[in-house]
1. Whole-Hz Karplus ³J(HN,Hα) for segment 112-123, in order, using 6.51 cos²θ - 1.76 cosθ + 1.60 and θ = phi - 60°, x for Gly and Pro?
2. Can you give the % of DSSP beta bridges in the chain that are antiparallel, to the nearest 5?
3. Quote the convex hull volume per residue of segment 225-273, based on C-alpha atoms, as a whole number of Å³.
4. Under 8 Å for C-alpha pairs, at least 6 residues apart: give me the relative contact order for the chain, rounded to a whole percent.
5. Quick check on the exposure proxy: order Lys140, Lys644 from fewest to most C-beta atoms within 10 angstrom.
6. Between Asn378 and Asp598, how high is the FRET efficiency from 1/(1 + (r/R0)^6) when r is the Cβ-Cβ distance and R₀ = 41 Å? Nearest 0.05.
7. With only alpha-carbon atoms counted, please give the Rg and Dmax of segment 247-333, in Å.
8. Just to be sure I understand the model, the point goes 7 Å from the Cα along the line to the Cβ. What's the resulting Ser673 to Asn324 distance in nm?
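Computed from the coordinates by the stated procedures, all read-outs in this text should not be read as laboratory data. What you see is a predicted model, and the numbers here were worked out from it, not measured in a lab. Note that each Cβ is placed from the backbone with ideal geometry, even for glycine, and that neighbours are counted across all protein chains shown.
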Amino acid sequence: MIVEVPRFRFLSLSLPVLILLATCGQAGAQSNLTVGINQGDWFANVSTDRALYNPLSMVQFIVTFKQVVPGKVLRIVYQHLDSAMSVDTISLTGTDSISWSWQAPDVDHFGVLVELFLESSDTVLDHTTIGVDVSSTWNKFPRYGFLSAYPYMSQSKMDSTISVLNRYHINGLQFYDWQYKHNEPLAGTVQNPDSTWKDIGNRTTYLSTVEGYIRAAHEHGMKAMNYNLLYGAYADAYQDGVDITWSLYSDPNHQSREYFPLPPPEWASNLYIMDPSNSDWQNYICAQERKVFLAISFDGWHVDQLGYLGSLWNYDGQPVNLTNSFSSFLSNAKTQLNVDLVMNAVGQYGQQQIAQSPVDFLYTEVWPPDTTYSDLVNIINQNTSYSDGSLATVLAAYMDDVSNGTGFFNTPGVLLTDAVIFAAGGDHLELGEHMLYNSYFPAAGLQMTDTLQRDLVRDYDFMVAYENLLRDGEVHSILNMSAQSGSLPTPVSSTPQLGGIWSMVSAKDHKQIINLINLRGVKSLAWRDTGGRQTAPDTLEPLAINLNTSSTVVAVWCASPDFYDGAPVSLPFTQSGGNTSVTLPGLVYWDMVVVQYDSTFTSVHREEDGLPRSFALDQNYPNPFNPSTTIGYQLSTTSYVTLKVYDVLGREVKSLVDRVEQPGNYTLSFDASGLPSGMYFYRLIAGKYTSVRKMLLVR
């Protein structure tokens, strides 16, 4: 029996305050909104037309409502992290859907959270959010999905499948087992490919379906990756030009060819293992792959392997270390094919060599002994080390681990595993025509519940919106802390412990990013959740935390996929000596807390010349203030800089900077003498960088 545990939403937050904090200083911004009684009853769906967008391209939004919406206002706030960039207002007159366009900012690899408020007079009827990834390439923030079956399908059905994946912002698809043979992936010729063929599982594949899926993927900005092994050949491969002397053997006398058993009649052939270091095999398989790319509009090759195969020899009796061949194989493939490359490191086998190869990101298929949540984080950290921080990580980690599964995935198990992977800066290969639970991707017995689907949309929105804090060059940091929910202290540790809170802390641009994973009330620390027995964590509401902070804290804010639809919430705090106290609205699965420091904070990763790595606008300090406050900002390149202060109606109050400045750290004082109490906004424009923050003057 499946018992759905609803994902708690903290709707007790003060929305008038949150609306004011989320709305930048533009004409008409409201500050006296109240909460409508029907929150959650209006928005049915919000989506965008693509999984990612080039800078300055147009983002198309589509919103559908559960009912006709007459005489209401849709207010849209576009923000980066906790800073609002702009606001749109649309008057609704008797419609159940609406679409509009917004131009993405001229900043690459930039996460945006879009908040939508349905308003009537001074009342907020409903609130929702969606993430937008402004990125010219997929490899910095990969969100990898898959396809695994290619029977005859209508284009509309394929479009529907890809549209669902687009809502999760999936920006690349692995076309698993689409090929005819591993050693001859294209059936037919480049000029005249076959219309159908049998794959290795004796399933009929339609060329029209493969091409239709690719066409739909490209329309949404997704990469289409052609799956194939780097060394697999059918038993009859000699008829296709494969030389038996290219094989690998389990003995030094070439008597026993190494193979992976896939016996007929269920399977077309056993898979014989070729020597990937053999230049003749490399040239042969790359020539076969070239035919694929000439005939079908794939974008790249997802290279698979089978992991450690024991002691192996080539035909000449020389021992072969497979991992030593991976780099040369991938380099040769890149030279000959000039396409995107991704390679599976099965159980991390050969990942260090793959990381030094021309791959778009690092991909690990996770197997025992890596069975715990901490093992997932260790793999992500290990991959970061292997690539010197230059390559992202995608984990193929199969939930529930059921060979012949039926029924539904266990929601708490999936949400906890995704929270751990996303908080650690990784991505989870799990979504396709169905959710993965088996290494043979066509296995589709387990299904997602409606609740799990809705919650995963929120998780992926969150990962996109905050990608610049989760996956963008942050470095490990140390921060001691304690927590208490109600009268019950809850242990906080940098290692996962049942009954406690797991903290992952990183630093970037005068910030510490604290990801809190709730393990109080969960049954196990095993991520795979075999049999679907993981339990939901206890809801901790509210949650008071105390941080040992040595530098001056200027602001604290938090966000979570579990409350307020992932939107950022500014939090009051107190700092005394080396301790900072703050209360979070609550913790269900995962909260992200961001602590902003002044320029004395030293755990910021910088280039060797001591200059900032990026642009940043700091929160003013003190805040609230009377009558003066200090504003800091950082410039990574020489730029023309303007820094101006505005009131809540968008009127300019004061110009603080208007000149060319060199790279470095800057602070200045703003004196508000003569200005009335209230909320003000300050905006920094430095070249293509723009950021807006809020400050409160209290007399």
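1. 10, 10, 10, 9, 10, 10, 8, 10, 9, 6, 9, 10
2. Numbers: 133 of 168 bridges.
Just about 80 percent of them are antiparallel.
3. Values: hull volume 4.8 nm³, N = 49.
With only Cα atoms used, segment 225-273 gives 99 Å³ per residue.
4. Numbers: 1686 pairs, mean separation 80.0, N = 699.
About 11 percent, as a whole number.
5. Fewest to most other Cβ atoms nearby, the residues stand as Lys644, Lys140.
6. Values: r = 34 Å, r/R0 = 0.82.
Computed FRET efficiency for Asn378 and Asp598 comes out at 0.75.
7. 14.4, 43
8. Taking the simple label geometry, Ser673 and Asn324 are separated by 7.6 nm.
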